[in-house]
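See structure below.
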Ligand SMILES: [Zn+2]
């Protein structure tokens, strides 16, 4: 989710074709078939991990590959529109134009970053679907998406991201705050994953958030 749901969204889908994925679970609008195939594999892998953490897909989801996603506070690489079950993702060849060279994400190869974005946005989508009518606070949404995005990443790349945005241990619940997310999203993510990895947290904490029994919101 890009900060807030009400932000103006604009995306441009260039000459795209539509691909089905996962027996109707996903519809992918993509400028190239090979990218669609790659996205389908990433979606199904990410969904397995999310399901193992109790997050279920209850409705079909559309994925749109776009040239650029913009909103008033800046550019983002991917976006989930919860009311519409739509995930928008920037075409990987544009990552370099959008990312600052100082952004830790710039250290990832495009295919690794793509998978990471897919996992992040799919986590938002499945939290929303699993929570049914319950409203999940944005800080909780970002905690889950950041933790599972890093959890789904190959350890080598996760270490690269964490090394570029380190947060000292032990994990700090006070930093699981939407202001920190806004100011330092990669540090927020490192801290969220480190917090998620504690035995007392993990998928059981995520389940409590989705069931409305716990929130980091203050
Ligand atoms: Zn997010």
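The values are calculated or read from the model by the stated rules, or taken from the named source; none is laboratory data. Because the structure is predicted, anything quoted here is derived from the model rather than measured. All Cβ positions, even for glycine, are placed from backbone atoms using ideal geometry, and neighbour counts span all protein chains on display.
Taken together, the residues in segment 25-74 that are surrounded by fewer than 18 Cβ atoms within 10 Å (Cβ to Cβ), part of a loop (DSSP other than H, G, I, E, B), in contact with a helix residue (DSSP H, G or I) (Cβ under 8 Å, 6 or more places away or on another chain) and on the phi < 0 side of the Ramachandran plot amount to 6. If you go through segment 138-161 and pick out every residue that is in contact with a helix residue (DSSP H, G or I) (Cβ under 8 Å, 6 or more places away or on another chain) and farther than 22 Å from residue 43 by Cβ, you end up with 4. I'd like to know if segment 132-139 contains one or more residues that are in contact with a strand residue (DSSP E or B) (Cβ under 7 Å, 6 or more places away or on another chain) and either buried (at least 16 other Cβ atoms within 10 Å of the Cβ) or closer than 25 Å to residue 32 by Cβ (or both). No: zero hits. Within segment 146-174, being assigned to a helix (DSSP H, G or I) and either crowded, with 19+ Cβ neighbours inside 10 Å or under 17 Å from the mean Cα position of the chain (by Cα) (or both) holds for 146, 147, 148, 149, 150, 151, 157, 158, 161, 162. Sub-6 Å Cβ pairs linking a first residue in segment 41-59 that is more than 17 Å from residue 117 (Cβ to Cβ) to a second residue that is modelled with pLDDT under 95, at least 6 apart or interchain, are 59/85, ordered by first then second residue.
Matching residues to (1) part of a helix (DSSP H, G or I); (2) more than 19 Å from residue 188 (Cβ to Cβ); (3) away from the ligand (no atom under 14 Å from the Cβ):
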| residue | (1), (2), (3) |
| --- | --- |
| 80 | no, no, no |
| 94 | yes, yes, yes |
| 97 | yes, yes, yes |
| 101 | no, yes, yes |
| 105 | yes, no, no |
| 115 | yes, yes, yes |
| 125 | yes, yes, no |
| 129 | yes, yes, yes |
| 132 | no, yes, yes |
